Amino acid sequence: MRRILAALALATCVAAPAAVAQTTRPASAQRSMPAPEQVPTLVVFITVDQMRADYFDRFKGQLTGGLARLERGGALFTNAFQDHAITETAPGHASTLSGRFPRSTGIVRNSAGVQDPQAPVIGAPRMNASPFRFRGGTLIDWLRSKDERSRALSVSRKDRGAILPLGRAHQEVYWYDPGSGRFSTSTYYADTLPAWVQQFNARRIPASFAGQSWTTLLDTGYAEPSGPMNAPQGSTKDSFPHTLPADTVQAVRALPDTPWMDQVTLAMALAGLRARSLGTGPQTDLLAISLSSTDAVGHRYGMESRELHDQILRLDRALGAFLDTLFTLRDSSRVVIALTADHGVTPTPERYTARTQQPTYRVNLSSVERTFQRALAERRVDSTAFAFEEGMLFVDRAAFARARVNTDSVLTAFAAAARTVPGVRRVDRLAALARDTLRDPVARRWVHQVPADLPVELVVTLQPNSVWGAYAPGIHGSPYDDDAHVPVLFYGASFKAGRYARFARVVDIAPTLAWATATRPTERVDGVVLWDALR
């Protein structure tokens with residue numbers, strides 16, 4: 001505390017931090033766009049929340065449904081990444097169809113994602129959501145610039161999973177309300193639910209799972225233990241079978257933690273496809289689906305669990321049934337499909353340490369933050385001028401200047417204190433990271449993360465396989481490959497099937513889909529067209 005107060009004793013007026021240089025790669029080359037008869041009338045975009053890239057190979061011998069079909073007939077980029085630092089749901093979904101990193105979309109973290117008190121959810125006014133923080137456009141905006149008839153429908157269990165792939169577009173966007181067991185939207189999009197959504201909700205599909213037990217899909221072939229992977233060895237608490245409550249109110253609340261939630265979401269997507277006649281042409285329409293069960297199961301049980309294994313197998317079968325129905329409703333030669341993930345997940349620290357004998361840590365810097373805030377309060381710097389969240393230190397330099405406190409001295413002291421915490425690997429000045437983004441992927445991902453107008457001064461990166469917090473077996477959010485390495489897959493007549501080992505990013509998906517649909521982005525993007533996969 002004395003050292004902190006000593007650091008605060010120096011008073012000065014400080015200059016604003018240097019802006020981080022932003023580079024943009026071209027999204028197209030001198031190449032003829034597809035002829036009108038080659039342009040798909042429907043783009044189906046699937047995001048599997050928390051799907052690691054290695055799941056395709058880890059479960060390959062047991063995949064027989066949609067995942068297997070997409071891999072076998074599609075172009076799979078095996079060395080693809082969410083190339084930003086805070087690998088969470090909101091920034092990941094915002095990058096998928098915008099072709100831009102969080103520094104450009106403005107969606108930097110879950111806690112400042114889609115929450116908006118001015119946009120209450122229809123039928124659930126205590127909930128709210130909108131894309132008001134999102135900056136720029138997405139694929140549907142580019143499509144409508146080419147042909148105003150293009151339409152989009154986006155559905156998910158999560159509000160941010162449904163909203164952010166479409167950006168600020170006023171299209172049809174729906175997500176699941178566990179309080180009612182219904183899909184809804186917010187007043188940003190509509191004042192009332194359309195008839196087709198009301199009819200789907202009236203079927204009460206989520207309630208039909210009340211009292212059902214989730215058991216393994218296969219009788220054999222699971223090497224993993226059941227139950228949360230941070231539980232004491234030998235514990236059978238919360239292991240298979242998992243039975244939903246018989247009470248329907250409780251069952252619809254618990255449904256998101258089961259594979260059945262993906263089935264319900266896919267059913268909702270097909271209902272919307274039919275009701276809105278998406279993909280019937282002549283324009284290109286967009287159906288965006290975010291499937292969240294893998295994330296829920298991964299958080300609750302961990303990536304090494306039998307539950308996660310079974311979830312991927314059930315996702316595979318559910319996607320297979322979805323594709324079978326889709327291709328009875330629409331001409332498969334006029335449909336393209338893209339699949340990716342918003343992030344991966346880190347191995348459960350306790351399991352990783354037991355397996356490798358390498359130490360891992362669950363890190364919390366709140367005590368360090370509070371110590372500095374108390375010391376700053378003595379110098380009349382408000383606590384809101386100094387806040388640590390999601391590995392980022394937010395600083396209001398104007399507030400420091402008014403109190404005549406030297407900001408840089410405080411930053412130096414905080415960095416020194418943070419480095420003493422077990423599990424912290426590095427603490428960097430954000431402005432300094434742009435010096436080496438080629439050889440330092442952590443630096444590159446932080447540079448891609450933070451908008452120039454966000455008052456972030458320091459970023460903290462943990463040791464590999466250490467995580468923030470102590471609450472869950474499965475945690476993500478780091479700039480390391482466990483959390484950043486995701487699949488990028490394209491399927492349809494526009495693409496050449498095969499595995500591609502070249503480096504790719506999720507931000508490359510939107511420019512590639514734009515080219516396949518003979519559409520040009522209406523703004524600068526960070527991604528490039530993945531020419532390798534295009535016919």
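Estimated at 0.36 nm per residue, the fully extended path between Ser32 and Gln358 surpasses their Cα-Cα distance by 112.1 nm. Taking amide H positions as modeled 1.01 Å from N, with prolines and chain starts lacking one, the residues under 5 Å from Gly302 and 5 or more places away or on another chain are Met229, Gly474. Couplings for region 100-105, taken from phi via the Karplus curve 6.51 cos²θ - 1.76 cosθ + 1.60 with θ = phi - 60°, read 9, 6, x, 4, 9, 7 Hz in order; Gly and Pro are left as x.
Arg402 sits among other residues whose Cβ lies under 14 Å from its own Cβ, and their net charge, with Lys and Arg +1 and Asp and Glu -1, is +2.
Straight-line reach from Lys60: taking Cα to Cα under 24 Å and skipping same-chain neighbours fewer than 8 places apart, the lysines in range are Lys496.
For region 440-454, 3J(HN,Hα) computed residue by residue from phi via the Karplus equation (6.51, -1.76, 1.60; θ = phi - 60°) reads 10, x, 5, 4, 4, 5, 5, 4, 6, 7, 9, x, 5, 8, 8 Hz, glycine and proline entered as x. Local charge sum around Gln311 (other residues, Cβ-Cβ under 14 Å, Lys/Arg +1, Asp/Glu -1)? Every neighbour counted, the sum reads -2. From helices alone, the chain scores -9000 deg cm²/dmol at 222 nm; the rule is -39500 (n - 2.57) for each run of n ≥ 4 DSSP H residues, then divide by the residue total. Taking amide H as placed 1.01 Å from N in the peptide plane, the amide H of Ala288 sits under 5 Å from that of Phe45, Leu153, Ser154, Val155, each at least 5 places away or on another chain. Shape class for the chain: prolate, because the ratio a/c of the largest to smallest gyration tensor axis (alpha-carbon atoms, square roots of eigenvalues) is 1.5 or more and a/b beats b/c.
Every number here is computed from the coordinates shown, using simple stated rules; none is lab data. These figures come from a predicted structure and were not determined experimentally. So basically every Cβ, Gly included, is an ideal-geometry build from the backbone, and we count neighbours across all protein chains shown.
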